[in-house]
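The values are calculated or read from the model by the stated rules, or taken from the named source; none is laboratory data. Note that the structure is predicted; figures quoted are calculated from it, not measured. Because the Cβ atoms are built from the backbone with ideal geometry, glycine has one as well, and the counts that use them run over all protein chains shown. Ligands, DNA and RNA are stripped out before the accessible areas are found, and what is left, the full protein with its side chains, is counted by its heavy atoms. Shrake-Rupley method; radii C 1.70, N 1.55, O 1.52, S 1.80 Å.
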Amino acid sequence: MLGVFTAVLDVLAGVVVAAVAAIVGVRVLRKARRQRQAALAAGPRQSLLAFVADNGERGSHDLVAIPDDAWAAAEPGALALLGKVRGEAHLALVSVFLQRGVARAALGDLRSRSRVRRARAAQVLGDLELRMAVPELCRLLGDRHDEVRVVAVRALGRIGDPAAAWRLIASLDRGDPVPSLLATHTLVQLGAEAEVTLSAALDHPQARVRAVCLDALGLLGATGSLHRIARLLREDAYLDVRVAAATNLGRLGTRGALEPLRLALGPARPAALRAAAARALGELGAPGAVPILADLLADDAFHVAHEAAHALRRLGQQGTDALVAAVETERARAGQASAGAHARPSTSASHAQEALALARIGANAGDAVAVPA
């Protein structure tokens, strides 16, 4: 038995030694490979940095002529550089990538069975801002892996082709869509030419799609869609969509938004909608909103009165004067209190005082609005 036990220990020791030797060998090989890759990439990296620093005016032929193994070692760094530079340097670097066949390889990888390769290819094509890749990137919006879809959406935003707008909007109508903020940001990157598509999508049956399109239109300053946005504020069945409509009417900054927002402040409306409409009036910057907001300072809904006060603060001197008047009215009422009893400040005065305190801080920081002490 002792001999068998000793033999087993010898075998186990041999296995452990072999495993340790294998691990050490793998690490040595990896380190040697990294050093070789670093050595290969050193020359091309210097050439790339010099090329970009020179705005791509000289050195493109040298970059195209770099041997394939050296370019393969330097390519990850070159791709990272591509995503950071802009202007003439970016265009020149894109030209080098196109001549080296990087775009062609990336287009092929969009149909790879590996989700990592599909995502990496989408990112490369986005950094190249290659419009001819838009149809294939739009196809990836239906990819079964959410990380691939996210990279495809970002790539489409980087390219900025308005033709992708409808496919992006349609991709929101699925069980596991991309995040709303990412979709909104990408739709805004497509520019003003996407406004017609975004405006048409306000009739989409999905509330989430309508809300995203409202945010994109507001951020684009799409004043041509004012009436369609006002219709959703008035008629949409979903409160979140109506709140988004109110918020984005404020972002448009046009006088035509004043009346729809005023109507949204009716006492029968939900408090969340009224608060959003009050905030939007402050963003609108229209002096005509001052008396409307001043009347809301005494509103029974805390958030409505709060938003009204801070909207007045954002409306410049006229808004500040309305806040001061609300505080002085309360002081006069308190002064008339019987038997010298301490009068508790009204809610309207409390909101006005808070907004004035913040306005005073802004004035101390150099704001042009005069705020009484």
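Across region 212-233, the number of residues qualifying as within 19 Å of residue 283 (Cα to Cα) and open to solvent by 20 Å² or more (accessible area, probe 1.4 Å) comes to 7.
Candidates are the residues of region 315-324 that are of a type outside the set (Gly, Ala, Ser) and more than 16 Å from residue 255 (Cα to Cα); the one that is surrounded by the fewest Cβ atoms within 10 Å (Cβ to Cβ) is 317. Within region 183-202, the set of residues being open to solvent by less than 30 Å² (accessible area, probe 1.4 Å) and assigned to a helix (DSSP H, G or I) comprises 183, 184, 186, 187, 194, 198, 199, 201, 202. Annotation note: of 301, 289, 264, 280, the sole residue that is in contact with a Ser or Thr (Cβ under 9 Å, 6 or more places away or on another chain) and open to solvent by less than 40 Å² (accessible area, probe 1.4 Å) is 280. From 308, 337, which residue is modelled with pLDDT of 85 or more and either surrounded by fewer than 16 Cβ atoms within 10 Å (Cβ to Cβ) or more than 25 Å from residue 198 (Cβ to Cβ) (or both)? Going through 308, 337 in turn, the sole match is 308. All of (1) surrounded by 21 or more Cβ atoms within 10 Å (Cβ to Cβ); (2) touching a Gly at 6+ places or on another chain (Cβ under 8 Å); (3) not polar (S, T, N, Q) hold for residue 253 with one exception: (1).
Residues in region 203-226 that are within 12 Å of residue 170 (Cα to Cα) and in a helix (DSSP H, G or I): 5 in all. When residues in region 275-287 are screened for being assigned to a helix (DSSP H, G or I) and closer than 14 Å to residue 320 by Cα, 2 of them pass. Is there a residue in region 136-154 that is within 26 Å of residue 50 (Cβ to Cβ) and buried (at least 19 other Cβ atoms within 10 Å of the Cβ)? No, region 136-154 contains no residue that is within 26 Å of residue 50 (Cβ to Cβ) and buried (at least 19 other Cβ atoms within 10 Å of the Cβ).
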